[in-house]
Each structure stands twice: as structure tokens, then as C-alpha cells.
Amino acid sequence: MKGGDKEFALKQFDVSRETIGRLEVYEKLLLKWSKVKNLVAPSTLSGLWMRHFVDSLQLLPIARDYGQALRWIDMGAGAGFPGLVLAMALADQPEAKVYLVESDHRKCAFLREVSRETGIRTEIVNERVENVVGNLPAADCITARALAPLAQLIEYALPQLEKGAVGLFPKGQHIDTELTNNTIFSRVNLSFVPSFTGEKSRIMVVRLHSEA
């Protein structure tokens, strides 16, 4: 862990000391579980705060530009990025809740333990994304990281986009190769925000066309 990265999170995103405390518990559990299960790439653990925590936290101020951003769906939640981090940042707001959709039951066990140990409001949905997203309550925001190409993410998220959700999808330097002539792109407005965690990385912002 880099102390500078933790201070960056505090200052850049106005993160409370209580949220930092929750993230520290998360960090310990992630390092513990990673000894027996490969939850994230081992090479990223040394830069955990910037690579995973800050990468997740940066979605919140972007989302708030589009509304209240209290209810989230994280598709393919994996080890909890960005969903668990967002739930920790929102923990002091009673109306907030994050749905974590993950098909791997062992990863769901980890998500449950972190949620329990940190006292955050999450609902762990142990199902395949395509089977449940449309049945979940309407969300303010829907997100996913390292799950699928952008066109596929939009397909998965479409039932929630139709209910008014905004999609926020972190993407790396190769996003341009995903922006091919796919008919799904004609249904949405696409924009992007530069990412704090990579010079060529971007947060793709997806909203359904108002006339669609």
C-alpha cells in the first residue's frame, strides 16, 4: 500500500475517515483471501489503493453529474471493484444500496464477508448478469469493470438504461477498437471522461437516447 495513494483518495474525492477505515478493512480481507484465491491480478496488489480503490471512487463524482447516484448495479462484480468501494463511499446515506451481480459463488462469499465486516448495504446476486439485470429494481447507475466489450455491456445494461440509469464503464487504452459499427451504439449517447488511473484510460458514459 502506498500512503500517497491513500492521501490522494482522501483529498481528490473528499472521502471521509469512516470510508477510509472501511477500505482498510477491505484491503486486509482482499490480501488475506488472495493468498488462497486469485481475486485480482497479483501484480496489482502492491498498488491496490490507486489501481482498484481510486479507480472505483472516481465513478461517484461523474455519476452525480447525472443525478442522485445512490442505487447502483455492478455487473460481474468479481472482487468488488467498483461496487464494494462505491457502497463504502455511500455507506453514510441511508437510501444508498449497491447490487453486486456475480456468477462465481466463491467470489460471492468474499463479497458477503467484506459487506458484513464493513457494515455496508449491498445485495449479492449470485446469478449470470444477462439473467437478472432486467429484474432488479431501477438503478441510478449501472457499471462493470473488465467484464466484456462495450457493446456487450450496453446489451446487458439496456433494461436498466431504459429505466433511466446511466452506464459508467471504465475502459483501457484499447477502447477505440471496441467502438466498431455495432447497431447497439445507435440507441445510446456515448461520451467519456479521462481516468485518474491511466493516461489513456477512460470512463465511458452511456445514456439511452431520449427518443429511443
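Computed from the coordinates by the stated procedures, all read-outs in this text should not be read as laboratory data. As the structure is a computational prediction, the values presented were derived from the model and not from experiment. Virtual Cβ from ideal backbone geometry, glycine too; neighbours counted across all protein chains shown.
Within the set of other residues whose C-beta is less than 11 Å from the C-beta of Gly80, count the net charge using Lys and Arg as +1 and Asp and Glu as -1. Write out the running numbers ahead of the final one.
Values: positive: Lys107, Arg112, Arg145; negative: Asp74, Glu102, Glu113.
Cβ neighbours under 11 Å give a net charge of 0.
Helix 17-34 axis versus longest C-alpha principal axis of the chain: approximately 90°, rounded to the nearest ten. Legend: P(r) of the chain from all alpha carbon pair distances, 10 Å bins from 0, whole percents, reading 8, 37, 39, 15, 1.
Note on the chain: GNM, Cα springs under 10 Å; of Ile175, Ile120, Ile142, the largest mean-square fluctuation is that of Ile175. Projecting the Cα atoms of Leu150, Phe53, Leu39 onto the charge dipole of the chain, computed from C-beta unit charges around the Cα centre, puts Leu39 farthest toward the positive end.
Normalised by 2.2 N^0.38 Å, with N the number of residues, the alpha-carbon radius of gyration of region 52-116 equals 1.07. Could you list the GluC sites (Glu not before Pro) in region 108-212 that lie in coil according to DSSP, counting only those with at most 16 other Cβ atoms within 10 Å of their Cβ? Taking region 108-212 and a limit of 16 other Cβ atoms within 10 Å, the loop GluC sites (Glu not before Pro) found are Glu127, Glu162, Glu199, Glu211.
The C-alpha atoms of the chain define a longest principal axis, and helix 105-118 lies at about 60 degrees to it. Against the chain, whose longest principal axis comes from its Cα atoms, helix 3-12 is set at around 50 degrees. Inter-label distance, Val193 to Tyr66: 1.0 nm, where each label sits 7 Å from its Cα along the C-beta direction.
Here region 3-208 carries DSSP beta bridges of which approximately 45% are antiparallel, counting only pairs with both residues inside.
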